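Trainee: Have a look at this one.
The values are calculated or read from the model by the stated rules, or taken from the named source; none is laboratory data. Since this is a predicted model, take the numbers as computed values, not measurements. All Cβ positions, even for glycine, are placed from backbone atoms using ideal geometry, and neighbour counts span all protein chains on display. Note: accessible area is taken over every heavy atom of the protein model, side chains too, but ligands, DNA and RNA are not part of it. Shrake-Rupley method; radii C 1.70, N 1.55, O 1.52, S 1.80 Å.
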Amino acid sequence: MRRHTKYAMTGTHKGSFAGVNATGKATRAENMAFYRLAHGKIVDERAQLDMLSIFQQMSAIPAA
């Protein structure tokens with residue numbers, strides 16, 4: 001059986017992340033996770049994070 005969920009991730013960039021020094025900027029990104037279930041338990045999980053949006057909000061790359 002397969003299931004998925006959408007969720008929002010929020011935070012403040014207070015430390016080095018992926019080589020980008022702290023900016024103090026707030027970030028919010030919409031993400032998705034996909035699960036495979038067997039016998040009522042999660043046996044596999046894959047997540048798709050909106051890293052483009054996160055890097056744009058940290059000013060690590062220009063926004064469109």
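Trainee: With +1 assigned to the C-beta of every Lys and Arg and -1 to the C-beta of every Asp and Glu, and no other charges, what is the dipole magnitude of the chain about the Cα centre in debye, to the nearest 20?
Mentor: Once rounded to the nearest 20, the dipole reads 200 debye.
Trainee: Further, regarding this structure: Which value results for Rg/Rh of the chain when Rg is the Cα radius of gyration and Rh the Kirkwood radius based on the inverse mean 1/r? Spell out each step's value before the answer.
Mentor: Working: Rg = 15.0 Å, Rh = 13.3 Å.
Dividing the radius of gyration by the Kirkwood radius yields 1.13.
Trainee: In addition: Got a number for carbon plus sulfur as a percent of the chain's accessible area, 1.4 Å probe? Please list the in-between numbers first.
Mentor: Numbers: 2630 of 4900 Å².
C and S fraction of accessible area: 54 percent.
Trainee: For the chain, with the dipole built from +1 on Lys and Arg beta-carbon atoms and -1 on Asp and Glu ones, taken about the Cα centre, which of M51, M1, I61 lies farthest toward the positive end?
Mentor: M1
Trainee: Also, I was wondering about something else. For the chain, which trypsin sites (Lys or Arg not before Pro) are both in a DSSP coil and crowded by at most 16 other Cβ atoms within 10 Å?
Mentor: K14, K25
Trainee: Given the -39500 (n - 2.57) contribution per DSSP H run of 4+ residues, what per-residue ellipticity at 222 nm results for the chain, rounded to the nearest 500 deg cm²/dmol? Before the final figure, lay out each step's value.
Mentor: Values: 1 runs with 7 residues, N = 64.
Dividing the helical sum by the residues of the chain leaves -2500 deg cm²/dmol.
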